[in-house]
Amino acid sequence: MRRLIILLAGICLVASLSKYAVALTDQEKKELFLKAREEMKTVPSGDQPAPAATKKPKPKTSSKKKAHTPESKPDKKPSPASKTTPEPTPAPHAERVEKPIPVQPEQGRPVPVAPVVIEKSGLQNEEGLEPPPPPPPTGGFFGFFKTQQYDYNYLTRQVRDAIDRAPVQKHRWKYIVVHNSGTRQGNARIFDYYHRNVRKMPNGLAYQFVIGNGTSSGNGQIEIGDRWRRQINGGHVHSDYLNNIALGICLVGDFNRDLPTRQQLEALQELIRYLRQRVGRTDNQPAIVKAHREINPPQWPTDCPGNKFPFHWLHSRFD
């Protein structure tokens, strides 16, 4: 009987313990569910203070809209701003650098430096040009009171006009150098072809003037080269410095074998006198007249214009 009672008590104890265990498991489930529920509540709690379950989805969507719209807008705004901010910055700089150069001279603004320099340079060019000499004096009233005049026999009016048309800069031409061609015939066109094609001189004829001897051009005929018309440096002396300040006059002939003709010397005298007036004075002194061998650098000796050239005649008239 005791054994039966003990057995029944044990069965009851086990049943109670099993119920308690089941209850514990249910409580644990409830606790886990509550914890999970609380965790679900805490997720939106960062944006809004824990509302009811029914109200949660509405603030979530609104919170997302509120959260993303202010964030997306600044994200979108700075991107074009970042594109626009660097663009306007170079634009004003580009305008400040580029506009003064092409636009200001056209507008002729007096304040910037560029237009002023251009205007001054134009005046300087006009002031820096040597005016042509006045025309030779003519006879007086019915032949009376005639003024002294210089008659030109070889320096024709056409040649003088061509000399006058050239834009001669003041104080540039300081020397006039006399040459001979070293050939018994020739003219400006022939020498130009030789200098351009044989000696490979891009500007052609090395002299500014050529005086013929009657073979390929008239005896004493004065021909004007392109270097005078364009007022560029010559190529007749072995010195770049001298070529830029010395005019070259070539007499056709070989004056180691022959003498220059009388017509050539008279034409040379007329041309030098007129050129001295045309180029003006430097330091109150007219252009210095020299033969080629008298002015050529010593390292480049030459016998031009030849041993038979009348040096005494040249110096007696132009020294």
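The values are calculated or read from the model by the stated rules, or taken from the named source; none is laboratory data. It should be emphasised that the depicted structure is a prediction, and the values quoted were computed from it without experimental measurement. We place every Cβ from the backbone using ideal geometry, glycine too, and count neighbours over all the protein chains shown.
Worth a mention:
Yes or no, residue by residue, for (1) modelled with pLDDT of 95 or more; (2) more than 37 Å from the chain's Cα centre (by Cα); (3) aliphatic (A, V, I, L, M); (4) over 23 Å from ALA162 (Cβ atoms):
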site	(1), (2), (3), (4)
SER239	no, no, no, yes
ASN244	yes, no, no, no
ILE249	yes, no, yes, no
LEU268	yes, yes, yes, no
TYR274	yes, yes, no, no
THR282	no, no, no, yes
GLN285	no, yes, no, yes
VAL289	yes, yes, yes, no
PHE311	yes, yes, no, yes
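- In the stretch 236-288, the residues that are surrounded by fewer than 22 Cβ atoms within 10 Å (Cβ to Cβ), among the β-branched types (Val, Ile, Thr) and over 23 Å from GLU130 (Cβ atoms): THR261
- Inclusion of ASP226 among residues that are out of contact with any helix residue (DSSP H, G or I) (no Cβ under 7 Å at 6 or more places or on another chain), modelled with pLDDT of 95 or more and among the acidic types (Asp, Glu) is warranted.
- Only one of the numbered conditions (1) more than 24 Å from LEU242 (Cβ to Cβ); (2) small (Gly, Ala, Ser); (3) without any contact (Cβ under 8 Å) to a residue 24 or more places away in the chain is violated by GLY212, and that is (3).
- Options ARG184, ARG172, ARG165: the member that is closer than 19 Å to LEU247 by Cβ, loosely packed, with under 14 Cβ neighbours inside 10 Å and either at pLDDT 95 or above or under 35 Å from the mean Cα position of the chain (by Cα) (or both): ARG165
- Going through (1) closer than 16 Å to PRO305 by Cβ; (2) touching a Ser or Thr at 6+ places or on another chain (Cβ under 9 Å); (3) in contact (Cβ under 8 Å) with a residue 60 or more places away in the chain one by one, ASN187 falls short only on (1).
- For TYR207: the one exception among (1) over 19 Å from HIS312 (Cα atoms); (2) outside any loop (DSSP other than H, G, I, E, B); (3) touching a helix residue (DSSP H, G or I) at 6+ places or on another chain (Cβ under 8 Å); (4) not small (Gly, Ala, Ser): (2)
- The criterion of at least 1 residues that are among the β-branched types (Val, Ile, Thr) and in contact (Cβ under 8 Å) with a residue 60 or more places away in the chain is met by the following helices (runs of 4 or more DSSP H) wholly inside the stretch 227-319: 240-245, 262-279, 292-295.
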